[in-house]
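For reference, the structure discussed in these notes is given below.
Bear in mind that the values in this text are calculations on the coordinates, not laboratory data. Owing to the predicted nature of the structure, the values given are computational and were not obtained by experimental measurement. Cβ: placed from backbone, ideal geometry, glycine included. Neighbour counts: every protein chain shown.
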Amino acid sequence: MRILLLCLSLLPIAAGADCWKAAPSPKSLAFIGSQAGAPFPGEIKSYTGALCLDAKDVAKDSLQVQAELASVDTGLPEMDDALKGEDFFDVAHFPQAKFQSDSLKPGPGGQYAVSGKLTLHGVTKNVTVPFTWMPAADGKSARLTAKFTLKRLDYGIGKGQWSDTQWVSDPVDLIFDINFVPANQ
């Protein structure tokens, strides 16, 4: 009996939470900038994400995302190479973008606001992102959707001629349409 109690006491705190992991799919972590006034879309194909929601204590809710910037895909290989280079993402020195939540605030109808630290290109800033969380009725999947805007120059992305916002817009829209599955799958 003591062994059973000891084993139960070692269960992770997240065991009481409803934890999910991202199941990346095409166009699920996308961006849209503007180049010379024309929309410029792309996506990050390789990333991980984990979301835990604790129905008993929202202070334990968490969201973390890690994106591999070398997986950027615009459909134009020469543009992908430019984005990976020193003037933009500089993946040789900054291979990942990371987000770690500080808090999640639930709202009505699956709406949330997540606040936390976004690290991109070696710069960390506090951001708040509204998102919608839609679990499937069978509990086997869920979908997170969100859209927010960041300023690339705040993160030092776009050096030399590319710091001129006449050619590449400073605001970049990030669009998330991410499928999640239970973390224990």
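So, in nm, how far is label ALA23 from label ARG143 when the simple model puts each one 7 Å beyond its Cα toward the Cβ?
1.3 nm
So if we plug the beta-carbon distance of LEU76 and ALA136 into 1/(1 + (r/R0)^6) with R0 = 45 Å, what FRET efficiency do we get, rounded to 0.05?
The value I calculate is 0.80.
Given PRO106, GLN64, PRO77, which one lies farthest toward the positive end of the charge dipole of the chain, if we put +1 on the Cβ of every Lys and Arg and -1 on the Cβ of every Asp and Glu?
PRO106
Among (1) 17.0, 65; (2) 18.7, 71; (3) 15.7, 47, only one was calculated for this model; which label is it, if the read-out is Rg and Dmax of the Cα atoms in Å?
From the options (1) 17.0, 65; (2) 18.7, 71; (3) 15.7, 47, the structure gives (2).
Grab the DSSP H runs of the chain that are 4 residues or longer, score each as -39,500 (n - 2.57), total them, divide by all residues and round the 222 nm result to the nearest 500 deg cm²/dmol.
-2500 deg cm²/dmol, from helical runs alone.
Taking the Cα centre of the stretch 18-182 as origin, sum charge times position over the Cβ atoms of Lys and Arg (+1) and Asp and Glu (-1), and report the length of that vector in debye to the nearest 20.
Working: 16 positive and 20 negative charges, 105 e Å.
The dipole magnitude comes to about 500 debye.
What FRET efficiency comes out for the pair SER103/ASP173, r = Cβ-Cβ distance, R0 = 25 Å, nearest 0.05? Provide the component values of the computation, followed by the final result.
Details: r = 23 Å, r/R0 = 0.94.
With R0 = 25 Å, the Cβ-Cβ based efficiency is 0.60.
Can you give the extra length, in nm with one decimal, that the chain gains between GLU68 and THR165 once fully stretched, where that is 0.36 nm per residue apart less the Cα-Cα distance?
Gain on stretching GLU68 to THR165: 32.4 nm.
What list of ³J(HN,Hα) values in whole Hz, one per residue of the stretch 39-53 in order, does the Karplus curve 6.51 cos²θ - 1.76 cosθ + 1.60 (θ = phi - 60°) give from phi, with Gly and Pro shown as x?
Coupling constants for the stretch 39-53: x, 10, x, x, 8, 9, 8, 10, 7, 10, x, 9, 10, 10, 10 Hz.
³J(HN,Hα) across the stretch 61-72 via Karplus (A = 6.51, B = -1.76, C = 1.60, θ = phi - 60°), whole Hz, x for Gly/Pro?
Rounded to whole hertz, the list is 5, 8, 9, 9, 9, 9, 10, 8, 5, 5, 8, 4.
Quick one: putting +1 on the C-beta of Lys and Arg, -1 on the C-beta of Asp and Glu, what dipole do you get for the stretch 83-131 around its Cα centre, in Debye to the nearest 20?
Charge dipole of the stretch 83-131: 220 debye, to the nearest 20.
Convert each backbone phi in the stretch 117-131 into a coupling constant with the Karplus relation 6.51 cos²θ - 1.76 cosθ + 1.60 (shift: θ = phi - 60°), then list the ³J(HN,Hα) values in order as whole Hz, x for Gly and Pro.
So the Karplus estimates, Gly and Pro as x, are 9, 9, 10, 9, 6, x, 10, 10, 9, 7, 9, 10, 10, x, 8 Hz.
So between LYS60 and GLN111, what do we pick up on full extension, going 0.36 nm a residue minus the alpha carbon distance?
Values: separation 51, 0.36 × 51 = 18.36 nm, distance 1.73 nm.
This chain segment gains 16.6 nm when fully extended.
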